[in-house]
Amino acid sequence: MSSAIGKRELEHLAKLARIELDPGEEERLIKDLAAILGYFSELQSLDTANVEPMPGGTDLRNIFRADGGENGGAENTNRGAGADAFPESQDGYLKTPPVFE
Amino acid sequence: MDLLRNLTITSFRDGLLEKRFSALEVAQASFRHIREHDGEIGAFLSTAEESALREAEVVDLAVAGGENLPPLAGVPLAIKDNILIEGLPATAASKMLESYIAAYDAGVIRKLKAERAVFLGKANLDEFAMGSSTENSAFKTTRNPHDTTRVAGGSSGGSAAAVAAHFAVAALGSDTGGSIRLPASFCGVVGLSPTYGAVSRSGVIAMASSLDQVGPITKTVEDAAVLFRAIAGHDPLDATSRPDLGDLYRTIDQPKLEDVRQLTVGLPEEYFESGTDPAVTKAVERAIEKLKGLGLRFKKVSLPHTKYALAAYYIIVPAEVSSNLARFDGIRYARLAGRSGALAETYFRQKGAGFGAESKRRIILGTFVLSSGYYDAYYDKAQRVRTLIKHDFDEAFRGVDVMLTPVAPSPAFKIGERANDPLAMYLADIFTIPLKLGGFPAVSIPVDRESEGLPIGFQLIGRKWREADILGIGQFYERI
């Protein structure tokens with residue numbers, strides 16, 4: 001495990017996460033992440049080759065439900081109350097800033 | 001205030017039915033108390049006086065009409081502000097959602113509305129429930145009602161402080177790694193993190209979906225059992241909520257001493273090593289002695305992978321955070337003013353201005369551990385370690401029914417003491433995290449009902465779906 005994220009790597013990660021960081025935040029993050037990743041290195045000593053990964057909190061499989069009104073339905077989703085909560089909308093649709101200016 | 005100080009869910013019900021007070025009187029007294037004292041505590045981000053008083057009046061009419069009332073009718077509750085109540089703000093203590101009004105009720109709120117509970121308002125938390133002190137709230141720090149120079153714990157610090165300060169009779173919090181149990185311990189109240197899948201996560205702003213559970217924060221273990229029973233149960237809107245629980249929790253507030261005495265309590269040796277504040281060690285020993293007096297048997301057990309749990313957790317959680325928080329793009333839920341531009345630029349600016357330091361730290365860390373070239377070394381590795389940790393608990397539960405540990409290595413720390421050291425902050429959850437990785441339930445119970453110094457809690461961990469064991473022991477403990 002490499003245990004350092006440099007300025008270039010951090011800028012790449014911030015781009016992947018679509019998040020703007022100012023120079024002060026970058027400096028602090030580089031320092032914090034070095035400490036946190038250093039702490040993670042403890043895991044290296046553990047042999048997990050024959051262990052199955054645990055993908056989530058539940059062992060339930062294939063849980064389905066009808067997409068009807070009694071389960072929340074359209075009035076609670078993007079065509080109803082969800083759309084009312086959009087900061088900007090038009091005719092019940094989400095209005096976004098232009099893709100190109 | 002004297003009225004509120006002595007109120008629990010069960011004594012509220014008695015007083016209401018015996019007409020010693022009305023639901024409206026108690027709700028009005030709660031708001032008066034909040035107005036006078038929440039300035040120094042900071043438990044609430046918003047209050048909902050109008051709708052709360054209206055609901056209380058409906059309950060009073062039902063009492064007058066001699067109706068059969070559900071257990072939580074009229075009970076004034078504080079609700080953590082990452083849980084949606086239709087028409088009320090749900091900020092998750094983030095600037096990103098400062099102007100967001102919930103469009104629907106969370107699954108747990110639907111259940112509580114059916115019981116006619118009264119919602120006083122939305123309680124403070126660490127931003128998006130990420131933190132151990134509520135210092136990560138974008139709006140304010142919640143102070144510990146027992147010592148206002150200290151933190152209330154987090155992330156459900158507002159909920160725990162609201163109960164400890166008698167603003168609310170009980171509260172809902174959410175627990176991912178310790179966010180109900182740590183503030184409960186710091187504030188001298190009871191907090192339960194249920195088995196993963198026992199309580200609906202629908203309408204709860206997601207932090208780490210494989211770990212998040214909503215649970216009660218109350219003054220007594222009996223109250224925790226009553227409130228837990230009200231919110232537990234299947235919800236088709238949460239695919240991880242268990243469909244076949246039936247009436248498993250029906251009598252959870254009526255434990256039998258002969259059943260509780262049959263239980264064997266494990267003491268995991270890894271949780272009693274050096275590094276814990278002597279005050280905590282002494283308090284936990286006191287709790288053990290009291291329980292021995294009830295006739296419970298104790299046995300040493302081992303959870304050998306304990307020391308890897310925190311590292312695995314802080315890989316898995318940021319990974320899930322980076323996915324869950326991606327939806328907050330400044331387009332769909334709320335938009336910060338004065339930050340226009342083309343679409344892609346809007347994302348960068350809104351997220352840059354909308355998220356606080358800990359959120360950014362976890363988003364970047366999560367993006368890193370999931371990124372090509374690092375996935376196997378970090379995320380996949382952590383998931384394998386998660387299997388080993390769950391296996392530890394499964395093995396130990398072959399020989400014991402429950403386990404007892406401290407909740408945190410120290411009592412409430414000073415405000416500001418750990419704010420600039422994320423690792424020191426993460427260590428506050430070292431005893432509450434491991435069991436969560438396996439999906440087990442655990443409750444934090446104050447060692448002493450009234451304490452001279454800072455409150456200290458002990459933790460009981462149960463087998464999955466066996467909340468009845470830990471809450472049963474707890475209910476007899478508080479009668480000693």
**Asked** From the list B:S444, B:S451, which one is crowded, with 24+ Cβ neighbours inside 10 Å and touching a Gly at 6+ places or on another chain (Cβ under 8 Å)?
**Response** B:S444
**Request:** Would you please name the residue that is surrounded by the fewest Cβ atoms within 10 Å (Cβ to Cβ), looking only at residues in the stretch B:91-114 that are of a type outside the set (F, W, Y) and out of contact with any Gly (no Cβ under 9 Å at 6 or more places or on another chain)?
**Result:** B:A114
**Conditions (1) closer than 21 Å to B:D392 by Cα; (2) of a type in the set (A, V, I, L, M, F, W, C); (3) part of a loop (DSSP other than H, G, I, E, B): number failed by A:F40** = (3)
**Asked** Which ones in the stretch B:290-299 are in a helix (DSSP H, G or I) and in contact with a strand residue (DSSP E or B) (Cβ under 8 Å, 6 or more places away or on another chain)?
**Response** B:L291, B:K292
**Asked** With respect to B:S372, is the statement that it is touching a residue at least 12 places away in the same chain (Cβ under 8 Å) and more than 9 Å from every other protein chain (Cβ to nearest Cβ) true?
**Response** no
**Asked** Could you give every pair whose Cβ atoms fall below 9 Å, whose first residue belongs to the stretch A:30-54 and is at the interface with chain B (Cβ under 7 Å from one of its Cβ atoms), and whose second residue is of a type in the set (D, E) and surrounded by 12 or more Cβ atoms within 10 Å (Cβ to Cβ), counting only separations of at least 6 or pairs across chains?
**Response** A:D32/B:D421; A:A35/B:D421; A:T48/B:D380; A:P53/B:D380
**Fill in**
Taking the stretch B:318-365 and keeping only residues that are more than 9 Å from chain A (Cβ to nearest Cβ), among the basic types (K, R) and buried (at least 20 other Cβ atoms within 10 Å of the Cβ), one is left with B:R362
**Request:** List every residue pair whose Cβ atoms lie under 6 Å apart, where the two residues are 6 or more positions apart in sequence or sit on different chains, the first residue falls within the stretch A:76-98 and is part of a helix (DSSP H, G or I), and the second residue, located anywhere, is modelled with pLDDT of 85 or more and not polar (S, T, N, Q).
**Result:** A:N76/B:Y104; A:A81/B:A103; A:A81/B:Y104; A:G82/B:A103
**Item:** Where B:E67 falls short, out of the listed (1) in a loop (DSSP other than H, G, I, E, B); (2) in contact with a helix residue (DSSP H, G or I) (Cβ under 6 Å, 6 or more places away or on another chain)
**Value:** (2)
**Message:** Going by what's in this entry, would B:A138 be described as away from chain A (no Cβ under 14 Å), over 26 Å from B:S210 (Cβ atoms) and in a loop (DSSP other than H, G, I, E, B)?
**Reply:** no
**Request:** Return the only residue of B:V63, B:V59, B:V26 being of a type in the set (V, I, T) and over 29 Å from the mean Cα position of the chain (by Cα).
**Result:** B:V63
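The rows are residues; the columns are (1) over 21 Å from B:L291 (Cβ atoms); (2) over 16 Å from the mean Cα position of the chain (by Cα); (3) in contact (Cβ under 8 Å) with a residue 12 or more places away in the chain; (4) within 14 Å of chain A (Cβ to nearest Cβ).
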residue: B:F393; (1), (2), (3), (4): no, yes, yes, yes
residue: B:A396; (1), (2), (3), (4): no, yes, yes, no
residue: B:N420; (1), (2), (3), (4): yes, yes, no, yes
residue: B:L423; (1), (2), (3), (4): yes, yes, no, yes
residue: B:A428; (1), (2), (3), (4): yes, no, yes, no
residue: B:P441; (1), (2), (3), (4): no, no, yes, yes
**Message:** Restricting to the stretch A:17-37, give me the number of residues that are in a loop (DSSP other than H, G, I, E, B) and buried (at least 17 other Cβ atoms within 10 Å of the Cβ).
**Reply:** 5
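The values are calculated or read from the model by the stated rules, or taken from the named source; none is laboratory data. Values in this document were obtained by computation on a predicted structure and should not be read as measured data. With ideal geometry, Cβ positions are generated from the backbone for all residues, glycine too; neighbour counts draw on all protein chains shown.
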